[in-house]
Amino acid sequence: MVSAAEQGRIKVNQLRDELAGSLRVSTTPELGVNHILPALSTWMAAHDDLSVTYLADNHYIDMIDERIDIAIRMSPSINDSSLSSYPLTDVRQLLVASPQYLRQHPKINTPKDLADHQLICIEIMKDANQIDMIQTETNKKTRVKMNSRIYTNNVFMATTLAKEGHGLVRMMEMDIKKELESGELVEVLTGYQLPSFVLYAVTLNRDQQPAKITRCLEVLKKYFHAN
């Protein structure tokens, strides 16, 4: 005969494993539109009892205050013992411009040439108008501080400004994949690398995660592994 305590434990585990209730996901607007929604769309449609809330913001969101189940964060590393982090993919930074801009302005052959150009400054980035890069063949490090007269706190806005020929812009490759494939934006200084990041799915540290979180993590990992 199963004890009342054991019955209670079984019931709790059953509830934990049901893909129902609410799931709160935080991400940036550009990652949400370009990657997180495509990754989770079919999965969401298959689970009608699961209510999903997306908080899309370029600023840091406190997971406890906002009751976040999964946060999508980009960082060289996650060093917080209260969090569990799951790497999804490596992310390259690129310095890009439109073909129109490059035709109408001085050629860019070395980092020193950047002094003759304008950078569209994305203010949410640390040291937004400072470009650090490493020459691929020699591993020589270079730091350039570029001039800026156009500023924005929005990646979509910066992408549009760059496509319209207003300057160079430093972007995450995954945020401008379509523009690179279409040729609307092209990489400059291809012999140099900018610092890269890792895209993480982050959860609060628990002994056992609810099934809705573990399943969501599985779907995200599968999507980014395939792309």
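Coordinate-derived values only; no laboratory data. Only a predicted model underlies this, so the values are computations on that prediction, with no experimental measurement involved. FYI the Cβ positions are ideal-geometry reconstructions off the backbone, even for glycines, and counts take in every protein chain you see.
Taking the centroid of alpha carbons for each part, region 92-121 and region 153-227 are 21 Å apart.
Taking the empirical scaling 2.2 N^0.38 Å for compact globular proteins as reference, region 163-223 has a Cα radius of gyration ratio of 1.68.
Which percent of the Cα-Cα distances in region 41-143 go past 15 Å?
The calculated P(r) of region 41-143 puts 78 percent of pairs beyond 15 Å.
In this structure, A45 and D80 have a Cβ-Cβ separation that, at R0 = 30 Å, corresponds to a calculated FRET efficiency of about 0.35. For region 145-153, the Karplus equation 6.51 cos²θ - 1.76 cosθ + 1.60, evaluated at θ = phi - 60°, returns couplings of 9, 8, 7, 9, 10, 10, 10, 8, 9 Hz by residue, with Gly and Pro reported as x. Quarter the surface of the alpha carbon convex hull of region 93-195 and you get the mean projected area, 5.9 square nanometres. Compared with the dominant principal axis of the Cα atoms in the chain, helix 4-17 is inclined by about 30°. With R₀ set to 30 Å, the beta-carbon distance separating I150 from T53 gives a calculated FRET efficiency near 0.35.
Taking the Cβ-Cβ separation of R67 and L37 as r and a Förster radius of 25 Å, what is the calculated FRET efficiency to the nearest 0.05? Don't skip to the end; give the middle numbers.
Details: r = 20 Å, r/R0 = 0.81.
Approximately 0.80, to the nearest 0.05.
Fully extended, how many nm does the chain gain between T142 and T110 (0.36 nm per residue separation, minus their Cα-Cα distance)?
Result for the pair: 10.5 nm of gain on full extension.
Close amide-amide hydrogen proximity is noted between G167 and S98, each under 5 Å apart and 5 or more residues distant or on a separate chain (H modeled in the peptide plane; Pro and chain starts excluded). Candidates H105, V186, V144 compared by Cα position along the dipole of region 93-195: farthest toward the positive end lies V144, with charges placed on Cβ. The C-alpha atoms of the chain occupy a region whose extents along the principal axes are 82, 33, 31 Å, arranged from largest to smallest.
Using the average count of surrounding beta-carbon atoms within 10 Å as a protection proxy, the listed peptides 110-122, 44-56 rank, highest first, as 110-122, 44-56. Structural descriptor for the chain: relative contact order 31 percent, calculated from alpha carbon pairs under 8 angstrom and at least 6 residues apart.
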